[in-house]
Amino acid sequence: MSKYEKLLSPGKIANMTIRNRIVLPAMGTGSNDNDEDGMLCALNDKTIEYYAERAKYCGIVFIQACTILYECRGIGNIMIHDDRFIPKLKQLSSAIQANGAKAVLQINHHGTILSKRSMHLPNKEAVKNLSPTAMRFPENDVMSLEMTQADIDRVVAGFAEAARRVKDAGFDAVEIHGAHGYLIGQFRSAMTNKRTDKYGGSVENRARFGCEVIRAVRKKVGPDYPVLMRMSGTSWSEGAISVEDSVIQAPLFVEAGLDAVDVSCGSLESYHYILPPYMVPAGFNLDAAAAIKKAVNVPVIAVGRLGTDFELAEKALEDGKADFIAMGRSLIADPEIPKKLAEGREDDIVRCISCNKCISSAVMSKYDGMACTVNPHCMRERKLENIKATDSPKKVMIIGGAPAGMEAAKVLAERGHKVTLCEKTDKLGGQWNVVATEKNQYAYYDVINRITRDMEKAGVEIKYNCNVTAEDVIKAAPDKVIMATGAFPRTLRVPGYDKKHVVQANDVIMGKAEVGERVAVIGGGATGMELSVELAEKGKKVVLVEALPALGGPMVIYNYKHLFSSLIENGVVMLTDCPLWEIADHGIYVRANNKLDMDLLYVKADSVVMAVGVIPDNKLADELKEKGIAVDMIGDCGGPEKSLLEAIREGFDLGISF
């Protein structure tokens, strides 16, 4: 018997029996086709295959929020405002049910967030940017329209008709989206609802709109069809939705006709809690779910990085804090989590590292939909379901044991090639061992250790402390040479760069270099921000210096906002648009506001820490090319600096291309 007895036990919502307590919550995929407006709103086979894969082992698959009315459409949202969408949605529900999970479709109105989601739409004048109270959306300063009673009645009817289509499309249940600062959540929050009529004021009045939606949906779908609602248990922000508010409002929603409550968190002003990154502890939202669970007599779904701590998820069920556990990003990383837990194969689980690249990639065109750092199959399920073994095995030499090279070695060996991986140190993982040493990022060790185990199972010959030369490659005579030699830390060669108190961020993180009481961290990317927080928490006085106008670089916005808040809370002084000019014996000079006609600004510092990126290590690759030896270059050695997602994906794609 598995130690996760509760997680793997059947559950029930209304008349719907569910095979286990692990559910995939609704999350946007960014994978839809262009519709008549050209805005990625048309459900396609690729998206269906993504959901079908995750339906093989979990209990419920919730489909990303679908738009209830044409007037509230936004980029990337599947449409359900017309009956013509039912046949394709029927294919989706059938594909999920065929794999054993219950299919639940979420319906939504974005409210004032439409000003962002519809800004690039053709025909955007047809979009009605509604909210409980006229307000400016903070990201673009666009003013919304305060809803009239006619608006409220039309939107409520839109929810009801959308729910009817969900039922007609064969889904097992419908979920109303009332969380994350969307329209129902905007009515719930005192921060965004300043109305003085029956829809505003008291906590109960602010729940009225949500109750009207639920009652209209219930009337439309009938008494026996399961109706759920996702709600933010707390906004994690002052003056918005509190747990105390939710404990009052949740029973009102249940009385109006809900069969289950899906407890998330976050809102307009705190969206970084909706998809909490690695620095937020697992289970951070459990108290809100537990409080609501005590207040209602229907099942409760809990969420909040619980897929990164299965023991905590199991205990939450045992303690009665929730009835089901949502594992969104974790099931993106590994759809087989329930199966592996049941078989006692926890070590084989591909662990989510909460990097949030899945969400950022869902809004980028680079990957044609959501991509996952640790799961190269994500959103390519059908395309990659039958990766063939080679019928002409090759002798492959991979130089460099960072993740790109490791992934390539694993895939090539699994396909039958004879692979030797040469690593110049005594440890695989490259620069990602440094990242894994940083606070809250231990999950990167899981990635390195898992791929190492997979390589060993596949028969990869791993040579440690192997500093390969061009002569070694010529002597080995491989059929293919893959360079994955990574990169080394960059420094800024300003006057004074070679002084003894100038150190690399990597050396500080790994404990190879000490810093004084006053520290200037040069470089405001992820490494510089994270290290600045860690040093400040240890009592150091830290100044973070960035040459560009803003910190963070290409960092995922959810991660950035948490780190930026931590910098403020820990008293880190942030200087942006201030290129480093010179390093003195007891401080640094920067060019203030990056203006040549400005005086230099002097900042006291006992230590100067460089966190300014990396330089590709391609010396050996160049030597081999000069000798006429063809090489494939993956990871950082091929430049520019790669994310872990890009590195692993490059290695995987090269591995299947031979």
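The values are calculated or read from the model by the stated rules, or taken from the named source; none is laboratory data. For clarity, every value in this text was computed on a predicted model and none was experimentally measured. Cβ sites come from the backbone with ideal geometry, for glycine too, and all protein chains shown count toward neighbours. For the accessible areas, the whole protein counts, side chains as well, though only heavy atoms, and no ligand, DNA or RNA atoms are used. Shrake-Rupley method; radii C 1.70, N 1.55, O 1.52, S 1.80 Å.
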Table column - 3J(HN,Hα) (Hz), the stretch 216-221, Karplus curve with 6.51, -1.76, 1.60, x for Gly and Pro: 5, 5, 4, 4, 6, 8
Whole-percent carbon and sulfur share, accessible surface of the stretch 413-571, 1.4 Å: 50 percent
Amide H contacts of E582 (H built 1.01 Å from N, under 5 Å, at least 5 apart or other chain): Y589
GluC sites (Glu not before Pro) restricted to the stretch 153-223 and DSSP loop, no more than 14 other C-beta within 10 Å: none
Vicinal HN-Hα couplings computed from phi for the stretch 312-319 (Karplus, 6.51 cos²θ - 1.76 cosθ + 1.60; Hz; Gly/Pro x): 5, 4, 4, 5, 4, 6, 4, 7
Per-residue HN-Hα couplings for the stretch 266-281 [Karplus 6.51, -1.76, 1.60; θ = phi - 60°; Hz; x = Gly/Pro]: x, 7, 3, 8, 9, 5, 5, 8, 5, 10, x, x, 4, 7, 9, x
Length-normalised contact order for the stretch 509-658 - Cα pairs under 8 Å, 6+ apart - percent: 22 percent
Charge sum, other residues only, whose C-beta stays under 15 Å from W236's C-beta, Lys/Arg counted +1 and Asp/Glu -1: -3
GluC sites (Glu not before Pro) within the stretch 231-262, DSSP loop, no more than 15 other Cβ atoms inside 10 Å: E238
Peptides ranked, highest mean first, by Cβ atoms within 10 Å: ranges 280-292, 446-458: 280-292, 446-458
Surface per residue (accessible, 1.4 Å probe) for the stretch 320-445, Å²: 38 Å²
Residues whose placed amide H lies under 5 Å from that of M633, excluding near-sequence neighbours: M483
Y589, Y442, ranked by accessible area, largest first (probe 1.4 Å): Y442, Y589
Contour minus Cα-Cα distance for M510 and T576 (0.36 nm per residue): 21.1 nm
Nearest 10 degrees, 0 to 90: helix 443-458 Cα axis against the chain principal axis: 70 degrees
Fraction of accessible area attributable to carbon and sulfur, the stretch 121-267 (%, probe 1.4 Å): 53 percent
Mean accessible surface per residue for the stretch 154-237, computed with a 1.4 Å probe while every protein chain stays in place, in Å²: 30 Å²
Helix 526-537 vs. the chain, principal-axis angle (Cα, 0 to 90°, nearest 10): 90 degrees
Cysteines, the chain, no other Cys beta-carbon under 4.7 Å: C41, C58, C66, C72, C211, C265, C352, C355, C358, C578, C637
Projected label distance in nm at K500 and E255, using a 7 Å step from Cα toward the beta-carbon: 7.4 nm
Matching label, Cα extents along the principal axes in Å computed from the structure shown, candidates [x] 89, 60, 53; [y] 109, 62, 53; [z] 77, 68, 50: [z]
In the stretch 514-567, GluC sites (Glu not before Pro) in a DSSP loop with at most 13 other beta-carbon atoms within 10 Å: E514, E517
Heavy-atom accessible area per residue - the stretch 482-633, 1.4 Å, Å²: 50 Å²
Protein accessible area in the stretch 293-335, 1.4 Å probe - carbon and sulfur %: 42 percent
Rounded to 10°, Cα long-axis angle of helix 243-256 versus longest principal axis of the chain: 50 degrees
Within the chain, percent of DSSP bridges classed antiparallel, to nearest 5: 20 percent
Peptides ranked, highest mean first, by Cβ atoms within 10 Å: ranges 478-489, 622-633, 61-72: 61-72, 478-489, 622-633
Protection proxy ranking, peptides 580-588, 46-54, 386-394, 346-354, average beta carbon neighbours within 10 Å, highest first: 46-54, 346-354, 580-588, 386-394
Summed side-chain charge close to P281 - residues other than P281 whose Cβ falls under 11 Å, Lys, Arg +1, Asp, Glu -1: 0
The stretch 419-433 and the stretch 568-589: distance between their alpha carbon centers, rounded to Å: 34 Å
Whole-number percent relative contact order across the stretch 489-577, with pairs defined as alpha carbons under 8 Å at least 6 apart: 27 percent
